[in-house]
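**Q** One structure follows; several queries about it will come next.
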Amino acid sequence: MASLSYRPDIDGLRAVAVLPVVFYHAGFSALSGGFVGVDVFFVISGYLITGILLAEIETRQFSLAGFYERRARRILPALFTVMLVSGIGAFFLFQASAFEDFSKSVLATTFFASNFYFWQATDYFSTAAEYRILLHTWTLAVEEQFYILWPLLLLLLPGRRANSFRIAAMAAVFGLSLLASVLAVDGFAAAGFYLLPTRAWELMLGAALALGVVPRLPGRRLNACVAFLGTAMILIAALAYDSSVPFPGVAALLPCLGAALVIRAGGDHGFARVLGWKPLVLIGLISYSLYLWHWPILVFLRLGFGTVELPAEVAAGAILASFLAAYLSWRWVEQPFRRKGRISRRRIFSLSLAGAALCTLLASAVIAADGLPRRLPDELHVLQTAESDSERYRKSCMNRLPKDGLCRIGVEQVTGTVLLWGDSHASTLMWALDSVASKAGRSGYLASQIACPPLLGVRRDDWSWPACVAFNNTYIELIEAGNSGIDTVVLSARWALTATGERATGEAGEDIRLVEMNGASGPGTAALFLRGLENLVDRLRRAGVAVVLLGGVPEIGWDVPATLALRAKLALPLPEAPNLSEIEARNAEANDVLYRLAEAEGVDFVRIAPLLCRPTCQVLEGNRPLYVDDDHLSAFGSGEVLGPELIGLILQ
């Protein structure tokens with residue numbers, strides 16, 4: 001049975017867990033795997049909570065009311081404070097859609113369901129995730145869901161053989177959860193990352209230590225070596241992993257087992273004194289508040305600077321501000337509420353219910369009012385509606401196969417003969433092509449699949465590939481069948497990302513790579529890009545179809561409508577947009593392939609960048625943004641600004 005005496009080395013271990021998380025989130029590339037600190041926290045929580053529960057159950061002092069009182073004192077005051085401060089900032093600074101999204105996350109966080117919300121709403125490693133203030137609360141949801149079930153299971157297991165049953169229950173949950181975690185990384189990665197069933201094994205690993213399943217090794221020196229090894233395992237994962245590592249799954253074993261080794265080694269050896277160093281212990285003591293505060297501070301700074309990649313000095317300042325906020329929160333919010341003599345059980349429950357009710361009421365009101373769009377001046381409201389003016393294609397036209405009916409472009413009464421085919425960038429260009437086709441008296445269709453460049457015989461090595469391969473095969477077969485009426489195909493995609501595999505400056509998210517259809521690396525992304533596009537164009541030409549290659553849309557590097565609105569609200573100058581030479585450098589490899597292919601196959605290649613960058617890239621026309629984010633054109637930017645520029649260049 002685990003001892004319940006205070007161990008400074010565990011607070012030191014908390015510091016080892018939280019520091020990589022903070023530095024990783026702040027953009028320090030050396031700690032590219034800093035997200036593993038969360039897994040260390042899960043192991044620590046499983047150990048401490050199980051140890052406390054077992055001690056109370058065995059001495060007949062356990063009560064659910066007492067357990068949840070402790071959880072409320074520990075978790076809710078700082079959490080409600082962070083949500084309140086973040087909500088005030090969001091009210092004054094966020095566009096309507098972002099404020100509504102924030103309010104939905106407040107509602108989910110209040111009921112400890114934010115892991116479900118973010119599972120559906122965003123990829124943890126995506127650019128969009130970098131602007132969600134409460135994203136980090138998914139970990140609290142996982143823990144609290146666990147704490148609803150685990151105490152009941154420990155309490156209900158019977159009589160004299162209770163410990164054997166508890167160990168059996170722990171082992172069963174551990175094994176099933178670990179298996180689910182390993183299986184989820186291949187095909188169900190988002191669910192595997194966010195949800196309790198694939199994270200429970202990490203908490204169970206800590207529970208196993210509390211249950212005494214793993215014996216402690218004899219000798220202080222040996223245990224010091226064990227603790228050192230465990231700490232090294234955590235740091236190796238934090239330094240060596242990155243967002244491309246399938247996670248959690250097998251990869252999470254390294255930091256979790258490292259945490260388990262540190263805990264199992266005990267607190268009475270030489271290395272425990274290292275972990276018990278007072279500065280580390282202090283960081284461990286404020287680690288919960290530090291975890292809560294650092295992320296909103298980073299989000300607001302990213303919004304203000306208009307980029308995910310904050311300047312190094314700004315990121316360092318954010319970390320210092322996070323420590324200051326964390327200390328004040330720990331001293332003046334966490335500590336007072338933990339003192340039972342000052343705040344009774346009844347009052348802590350009453351305050352918790354009142355806080356939850358207030359969060360629910362305010363969040364629901366904002367959601368019902370569609371984000372309160374009129375709380376900001378009209379000129380900012382126009383900026384904020386840029387995203388919704390492209391919802392038409394995003395919700396109804398993307399990811400559709402011919403059997404579902406295709407979105408039309410051009411003249412409605414004319415039989416469609418043009419197909420705009422590509423990824424999400426193609427879908428944003430449907431309004432430009434609609435303008436062009438209408439001017440030419442023609443009609444056509446859109447074939448657009450998210451994260452799916454129009455290539456044949458090669459694929460992306462990520463979650464998108466099965467649907468993408470099926471999508472592209474369906475459309476080439478449709479055209480080759482010869483009865484579709486399509487005589488012109490316009491190909492468009494985010495070619496720079498496809499050709500290089502590298503994200504644009506200022507953009508979060510994983511790089512991508514192209515591979516052979518069997519998953520082999522082949523000659524590399526650039527060569528496979530040429531081959532895949534060559535395969536498609538060749539088959540289209542043999543089918544008697546004219547082909548037009550559209551160059552890439554300029555990538556701005558910052559969220560255009562959100563940043564414009566925030567800068568206008570704060571009376572700050574706009575961030576600098578890239579110029580044509582920078583865009584051409586970014587697209588050099590892609591354009592080289594497109595030029596060569598156009599000449600070899602006798603097809604047209606139309607560059608878009610010079611139409612929008614003269615030489616500075618245009619992001620605003622009047623007071624209306626041309627983009628919905630950092631790289632997708634708005635319906636206004638595509639149809640009314642780019643469309644007229646394309647007339648005379650294609651479909652003549």
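The values are calculated or read from the model by the stated rules, or taken from the named source; none is laboratory data. These figures come from a predicted structure and were not determined experimentally. Cβ: placed from backbone, ideal geometry, glycine included. Neighbour counts: every protein chain shown. Side chains are part of the model used for accessible areas, which takes the heavy atoms of the whole protein and leaves out ligands, DNA and RNA. Shrake-Rupley method; radii C 1.70, N 1.55, O 1.52, S 1.80 Å.
**Q** For the Cα atoms of the chain, what angle does the longest principal axis make with the long axis of helix 253-264, in degrees from 0 to 90, nearest 10?
**A** Helix 253-264 and the main axis of the chain meet at about 10 degrees.
**Q** Hey, another quick one. Compare the Cα positions of 131, 364, 521 along the charge dipole of the chain (+1 at Cβ of Lys, Arg; -1 at Cβ of Asp, Glu; about the Cα centre) and return the one farthest towards the positive end.
**A** Most positive-ward Cα: 364.
**Q** So what are the three principal axis dimensions of the range 1-138 from its Cα atoms, in whole Å, longest to shortest?
**A** 54, 38, 25
**Q** Could you check the simple spin-label distance between residue 463 and residue 214, using points 7 Å along Cα→Cβ, in nm with one decimal?
**A** Calculated label separation equals 3.0 nm.
**Q** Here's something else I'd like to know. When DSSP assigns beta bridges and you keep just the ones with both residues in the chain, what percent turn out antiparallel, to the nearest 5? Could the numbers behind the result be given before it?
**A** On the way: 12 of 30 bridges.
Taking every DSSP beta bridge within the chain, about 40 percent pair in antiparallel fashion.
**Q** Then there's this: Which lysines have a Cα less than 20 Å from the Cα of residue 403, not counting those fewer than 8 places away in the same chain?
**A** Residue 403 reaches 395.
**Q** Turning to a different aspect of this structure: Taking 7 Å along the Cα-to-C-beta vector as the label spot, tell me the residue 30-residue 487 distance in nanometres, rounded to one decimal.
**A** So the label points at residue 30 and residue 487 sit 6.4 nm apart.
**Q** Mind checking the dipole of the chain: about its Cα centre, +1 per Lys or Arg Cβ, -1 per Asp or Glu Cβ, Debye to the nearest 20?
**A** 3560 debye
**Q** When you count, for each residue, the other Cβ atoms within 10 Å and take the mean per peptide, how do 339-350, 533-544, 131-142 rank with the highest first? Don't skip to the answer; put the middle values down first.
**A** Numbers: 339-350: 12.0, 533-544: 17.8, 131-142: 23.9.
Highest to lowest by the protection proxy: 131-142, 533-544, 339-350.
**Q** How large is the accessible surface per residue of the range 589-652, computed with a 1.4 Å probe and reported in Å² as a whole number?
**A** On the way: 2670 Å² over 64 residues.
Here the per-residue accessible area is 42 Å².
**Q** Let me cross-check residue 327: its accessible surface, 1.4 Å probe, with only protein heavy atoms counted, in Å² to the nearest 10?
**A** Estimated to the nearest 10 Å², residue 327 gives 100 Å².
**Q** Another question about this same structure. Pop the C-beta distance of residue 6 and residue 88 into the FRET formula with R0 = 30 Å and round what comes out to the nearest 0.05.
**A** Values: r = 37 Å, r/R0 = 1.22.
Calculated value: 0.25.
**Q** In addition: Net charge within 9 Å of residue 452 by Cβ-Cβ distance, Lys/Arg positive one each and Asp/Glu negative one each, not counting residue 452 itself?
**A** Details: positive: 460; negative: 423.
Cβ neighbours under 9 Å give a net charge of 0.
**Q** Using R₀ = 30 Å, calculate the FRET efficiency as 1/(1 + (r/R₀)^6) where r is the Cβ-Cβ separation of residue 604 and residue 574; round to 0.05.
**A** Working: r = 35 Å, r/R0 = 1.16.
According to the calculation, E is roughly 0.30.
**Q** Between residue 268 and residue 164, what FRET efficiency follows from the Cβ-Cβ distance if R0 is 35 Å, with the result rounded to 0.05?
**A** Numbers: r = 29 Å, r/R0 = 0.82.
That pair, residue 268 with residue 164, gives E of 0.75.
**Q** For the Cα atoms of the chain, what angle does the longest principal axis make with the long axis of helix 220-240, in degrees from 0 to 90, nearest 10?
**A** Tilt of helix 220-240: around 20 degrees.
**Q** For the range 167-272, with every protein chain kept in place, what is the accessible area per residue (1.4 Å probe, Å²)? Walk me through the intermediate numbers first.
**A** Working: 4350 Å² over 106 residues.
Heavy-atom SASA per residue in the range 167-272 reads 41 Å².
**Q** What Cys residues in the chain are without a partner cysteine, judged by a Cβ distance under 4.7 Å?
**A** For the chain, the answer is 225, 256, 359, because their Cβ atoms have no other cysteine Cβ under 4.7 Å.
**Q** Keeping the other protein chains in place, figure out the carbon and sulfur percent of the accessible area of the chain, with a 1.4 Å probe. Don't skip to the answer; put the middle values down first.
**A** Numbers: 16410 of 26710 Å².
Of all accessible area on the chain, carbon and sulfur atoms account for 61 percent.
**Q** So what does log10 I(q)/I(0) come out to for the range 446-598 at q = 0.08, 0.13, 0.16, 0.18 Å⁻¹, using the Debye formula with one equal point on every Cα and no solvent?
**A** Scattering profile of the range 446-598, log10 relative to I(0): -0.28, -0.66, -0.92, -1.09.
**Q** Helix-only estimate, please: 222 nm mean residue ellipticity of the chain, summing -39500 (n - 2.57) across DSSP H runs of length 4 or more and dividing by its residues, to the nearest 500. All intermediate terms of the calculation are to be shown ahead of the outcome.
**A** Numbers: 29 runs with 371 residues, N = 652.
It lands at -18000 deg cm²/dmol.
**Q** Against the longest principal axis of the chain, how steep is helix 345-368, in degrees 0 to 90 to the nearest 10, with axes from Cα atoms?
**A** On a 0 to 90 degree scale, this one is about 10.
**Q** Still on this model: Averaged per residue, what accessible surface does the range 56-160 expose to a 1.4 Å probe, in Å²? Kindly include the intermediate steps, with their values, before the conclusion.
**A** Numbers: 4230 Å² over 105 residues.
For the range 56-160, the solvent-accessible area averages 40 Å² per residue.
**Q** Still on this structure, I have one more. Give me the net charge for the shell around residue 81: Cβ to Cβ below 15 angstrom, other residues only, Lys and Arg +1, Asp and Glu -1. Write out the running numbers ahead of the final one.
**A** Working: positive: 73, 74, 331, 338; negative: 334.
Net charge in that neighbourhood comes out at +3.
**Q** Further, regarding this structure: Report the local net charge at residue 259: Lys and Arg +1, Asp and Glu -1, summed over other residues whose C-beta lies under 12 Å from its C-beta.
**A** On the way: positive: 14, 264; negative: 9, 39, 202.
Here the count lands on -1.
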